[in-house]
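Laboratory data are not the source of any read-out in this text; all were calculated from the coordinates shown. If you're wondering where the values come from, they're calculated on a predicted model, not measured in any experiment. In this analysis, Cβ positions are derived from the backbone assuming ideal geometry, glycine residues included, and neighbour counts consider all displayed protein chains.
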Amino acid sequence: MTVKIGVTLPLTGDVAMLGQNSKKAIEMAMEDITDTKYNYEIVFEDDQFKPSVGVTTVNKLISVDKVSALLSFGSPVGNSVNPVAESQEVAHINFFASDMNVANGLYNFVNYTPPYKDAKLFVSELQRREIKNLGIFEVQDNPGAAAITQALEEEIKGTDINIVANKKFNTGTRDFRTLISEVKNENIDIYLLQASSPELEIVYKQMREMGVQVPVTSIETFEFSSDISLFEGSWYVNAADPEKWFVDEYISRYSDSPKFGAANGYDSIQIIVRAIEKVGNGKTIPTNEKIRDSIQNTKSFDGALGKNLKFDDDGIVVSDAVVREIQGGSPVTIK
């Protein structure tokens, strides 16, 4: 008996390096799973990190491929998959969403570091470094970026940290010079760049071209970059670090380091398989409702992101953020 699991990822497009990295981690997870009651087939689809494409891919996975569960990547696509999974009653785990609204409903879950964890650590690091005046460049049509900024605004209440300016733009923007000119003479200690590639690299380069030499930081977004060496020496806050055994195994298999989100994908596919194995008899595929309940009841799961992982009452696996720095062109955890 074969059980199909659908996975929609950005396998092409601006953040394909993250999607391809996660695809490898998911394939590695399936190779690590042995002695199962069922055969498992993973059906991958490419959503290019575009919500509208994500709707198409997930509908295809459900209606044509008849998958028993879904994985998706990122807040934009996760929000578009959410209502489809809910209406079709197919369990769905997003393993890269900063917008926790992706977990809304009975059939939707998130396995990713929540924004309040990022914001708490980020503010703590600002205070430790005695940084008080913050400028932000934020992509406004990404719900994940918006969720992080909202959490940051809540976390700085009652502190001496000020958001001096928050310049917002849409995905696809290529000329940031007007926005930069509006803030370049402000008293800003550090700029928080909340964008993905290529906007991330473009806004940074244009800042430097216009003589803005103020340090930059990010909450997670540096690792979206196609040229992370641009941010050499910069510190930032990132989602949870994977366990050493996972990093070692990934490098051994692929001669490449896992990027952030890969460990979440590894754990998420294993959670789904283990949930199905727990409620299935190997002869018939469990109902979608039983699979959903089995995922929700996952307790004390030891995975690539640590031990004793579990879903909370809101359907979220909570993991801790870390402080990283770009050193020698690579991310290094420093706290």
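Summary of computed values
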| quantity | calculated |
| --- | --- |
| Distance between modelled label sites at Asp227 and Glu154, nm, 7 Å Cα→Cβ extension | 3.7 |
| Cα-projected label distance for Asn59 with Glu243, points at 7 Å along beta-carbon direction, nm | 4.0 |
| Rounded Å value of the spacing that divides the Cα centres of the range 239-269 and the range 119-144 | 26 |
| Protection proxy ranking of 4-14, 249-259, 132-142 - average other beta-carbon atoms within 10 Å, highest first | 4-14, 132-142, 249-259 |
| Set Lys66/Lys283; Lys24/Lys310; Lys4/Lys60; Lys23/Lys283; Lys66/Lys299; Lys259/Lys299 screened for pairs whose C-alpha atoms are more than 20 Å apart | Lys24/Lys310; Lys23/Lys283; Lys66/Lys299; Lys259/Lys299 |
| Positive-pole candidate from Val164, Ile148, Val110, dipole of the range 56-171, charges at beta carbon | Val164 |
| Over the chain: helical MRE at 222 nm, DSSP H runs n ≥ 4 each giving -39500 (n - 2.57), nearest 500 | -12000 deg cm²/dmol |
| Candidate values (i) 23, 46, 25, 6, 0; (ii) 32, 55, 12, 0; (iii) 31, 59, 9, 0, label of the one derived for P(r) over Cα pairs in 20 Å bins from 0, in percent | (ii) |
| Nonlocal Lys pairs with alpha-carbon distance under 28 Å, the range 115-238 (8 or more apart, or different chains) | 22 |
